[in-house]
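Let me begin by presenting the structure, written as structure tokens, before commenting on it.
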């Protein structure tokens with residue numbers, strides 16, 4: 001087991017956390033974008049999806065759409081005590097989520113703030129983490 005997996009298992013144990021792995025990219029960073037999501041649930045269930053974002057899609061938009069899609073995928077799988085971590089290599093998107101001023105990401109922020117639903121006093125904890133690629 002690699003160092004990253006050991007760290008994830010220690011910080012976000014698979015039996016306790018919903019892990020959402022996301023990635024998005026575009027040709028030459030500005031066109032023909034797409035994304036992918038892989039999620040693991042505490043019961044061992046996995047969910048995955050890939051999608052196109054369109055001809056005029058940037059890397060940033062593709063990464064944003066992947067995070068939104070990941071949250072949508074797990075939305076009906078969570079309870080008020082669920083813990084959710086978003087694992088992405090898109091540090092710019094995750095930083096924007098933490099310092100939300102970008103209107104494009106406003107729906108993602110609202111999704112993370114209200115994953116469990118309206119009118120509830122408690123909601124799942126949501127964490128965002130950047131996965132960094134390291135050479136072998």
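Bear in mind these aren't lab numbers, they're just calculated from the coordinates by the rules spelled out. Because the structure is predicted, anything quoted here is derived from the model rather than measured. Cβ sites come from the backbone with ideal geometry, for glycine too, and all protein chains shown count toward neighbours.
For 30, 85, 74, 37, what's the fewest-to-most ordering of other Cβ within 10 Å of each Cβ? Before the final figure, lay out each step's value.
Details: 30 14, 85 17, 74 21, 37 26.
Ordered from fewest to most neighbouring Cβ atoms within 10 Å, 30, 85, 74, 37 come out as 30, 85, 74, 37.
Taking the Cα of residue 27, stepping 7 Å toward and past its beta carbon, and measuring to each backbone N in the range 48-80: which are under 15 Å?
The answer is 52-59, whose backbone nitrogens lie closer than 15 Å to the label point.
Return the distance in nm (one decimal) between the two label points of a simple spin-label model at residue 9 and residue 47, each offset 7 Å from Cα along Cα→Cβ.
2.5
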